[in-house]
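Values quoted throughout were computed directly from the atomic coordinates according to the rules given, and no laboratory measurement underlies them. This is a predicted model, so every value here is computed, not measured. Using ideal geometry, Cβ is built from the backbone for each residue, glycine included, and neighbour counts are taken over all protein chains shown.
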């Protein structure tokens, strides 16, 4: 019983991290129907940005992370405005090809700049601290914080979407970008802002990924798969769904690992396939599309 | 100087040319109607002025400024606002949010309370999704949304399409209020009677060309008939 509960809790905590991987992907797909194949690599890129700030300025990793968030926002805005907006249109192939190319460029750029060594974000003692919940179950502070961060990110983005003029513009552009222009909305700037937000979330994901596991320039695509699975399980266009999707992948992986450590990754993918068979549109699909 | 003017305006969808040299003008505070059969190029004309379709800069002038080919959002900020054909309300936004988003790029004299005063039924349904409104209410919402941008030129594309005559009458009943704000209006209509009733001047399009223009009182039924159908 305790073991089962422990597995569930650890799975949920892992799910929080996967939800952070997936939220940016979900956000930009929801607003501009862009599938960003470079998303995983951009998370790793963000981790190296944090690492570079830490080592160049000798700052604490957490401070470096806070600096990396606005940097990633600006880079994301520029990436969308200068490059990706040109690929958007009725054809879905150009954005796929361009972001696939971008993925290769980011990976190789990082290999060139930081070598293939595995890294870790130094966060000091907090990495080893855990909170006993009683009954022999304990949760690590950092995994717990990553779950809290995932929930916070989803809550804040939903507040932005449903409470602000910018959020209305996001939703209107997502519904019908041509008519949105008739409201005085410059959809190129809206898309750039959305990508900026997605990249800022990537920095959050990078901080928690890099502080709990090692990373190197080539592991982005594997993170992208978990993110895709979380988005599709949750239902395209719903951020709460993406959070739930992250949980499903996380719990499945933890259960798999408990049965046999070799089955961790496989179990996550199997859970994804089962959801695809039972609920092809995910748990919380948007009512229309 | 006219408020809005087109000079030899042409428009195409790929290889298909939809407009062949349309020149017309709209004065401040004036309402003009463009009538014509399906496929005459009326909607294309409005879309081109609004900036949804490309055109050479000198083909469209607003207060003498060459704005042809300017993007739609930039034209909204100038005060050229389109009520699109088929209403095109945003389905994931509530009625009130649809109205609010109208004021995203530009706002002014028209506020939410004034829109609700104009269309009280929208006030009752402000929190509901826009898709739950009836056709006539959706059209009111689309007009209200356009007014929120404080238009100097209001372009109305087939606002009577698919609506019962009594509903059409209710909607056109608000035009005097809009005109009283000094807003110039371009109405595209298939309903000739309605168009003649509301307009200071009428233009008739046929297959992308202008076949008739004049004041409603000066145009005979036969002349309109000939210009409309080309027989």
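A few notes on this one:
- Quotient of the Cα radius of gyration of segment B:26-120 and 2.2 N^0.38 Å, N being its number of residues: 1.21.
- Kirkwood radius for segment B:1-69, taken over all pairs of different Cα atoms as the inverse mean of 1/r, rounds to 12.2 Å.
- With the gyration tensor restricted to C-alpha atoms of segment B:161-231, the semi-axes of the equivalent ellipsoid amount to 23, 15, 11 Å, longest first.
- Residues considered: A:90, A:146, A:26. Largest GNM mean-square fluctuation over chain A, using C-alpha springs under 10 Å, is found at A:90.
- Spacing of the two label points (7 Å from each Cα toward its C-beta) at residue B:223 and residue B:28, in nm: 2.9
- The GNM of chain B, with springs linking C-alpha atoms under 10 angstrom apart, assigns the highest mean-square fluctuation among B:45, B:175, B:62 to B:175.
- Segment B:169-189 and segment A:143-203 have Cα centres separated by 36 Å.
- Considering only alpha-carbon pairs that sit under 8 angstrom and 6 or more positions apart, the relative contact order computed for segment A:62-190 is 13 percent.
- Each principal axis of the Cα cloud of segment B:88-229 was taken in turn, and the coordinate range along them, longest first, works out to 48, 28, 25 Å.
- Multiplying the residue separation of residue B:7 and residue B:65 by 0.36 nm and subtracting their alpha-carbon distance yields 19.6 nm.
- Among beta bridges that DSSP assigns inside chain B, antiparallel share in %, nearest 5: 50
- FRET efficiency, residue A:78 to residue A:214 (Cβ-Cβ, R0 25 Å, nearest 0.05): 0.30
- Cα gyration tensor shape of segment B:82-170, rounded if a/c is under 1.5, else prolate or oblate by comparing a/b with b/c: rounded
- A:117, B:200, B:157 arranged by Cβ crowding within 10 Å, fewest neighbours leading: A:117, B:200, B:157
- Label-zone membership for segment B:193-231, site residue B:16, 7 angstrom Cα→C-beta point, backbone N under 18 Å: B:206-209
- When the Cα atoms of the protein assembly as shown are aligned to their principal axes, the ranges along those axes come out at 92, 47, 40 Å in descending order.
- For the protein assembly as shown, share of DSSP beta bridges that run antiparallel, in % to the nearest 5: 55
- The share of C-alpha pairs in chain A whose separation exceeds 24 Å stands at 50 percent.
- Here segment A:1-46 and segment A:58-137 have alpha carbon centers that stand 13 Å from each other.
- Tilt relative to chain A, helix A:2-32 - C-alpha long axis, 0 to 90 degrees, to 10: 10
- Rounded to the nearest 0.05, the FRET efficiency derived from the C-beta distance between residue A:259 and residue A:126 at R0 = 35 Å is 0.70.
- Among A:91, A:186, A:41: highest mean-square fluctuation, GNM of chain A, C-alpha pairs under 10 Å: A:91
- Average Cα contact separation per residue, chain B, under 8 Å, 6 or more apart, as relative contact order %: 26
- Taking a ≥ b ≥ c as the square roots of the Cα gyration tensor eigenvalues, segment A:127-176 comes out prolate, since a/c reaches at least 1.5 and a/b is larger than b/c.
- Across segment A:74-149, C-alpha contacts under 8 Å between residues 6 or more apart give a mean separation that, scaled by the residue count, equals a relative contact order of 13 percent.
- Rounded, prolate or oblate (a/c below 1.5 giving rounded, otherwise prolate when a/b exceeds b/c) for segment A:1-61 by Cα gyration tensor: oblate
- R0 of 41 Å, Cβ-Cβ distance residue A:112-residue A:35: FRET efficiency to nearest 0.05: 0.95
- Considering only Cα atoms, the convex hull volume of segment A:166-221 works out to 101 Å³ per residue.
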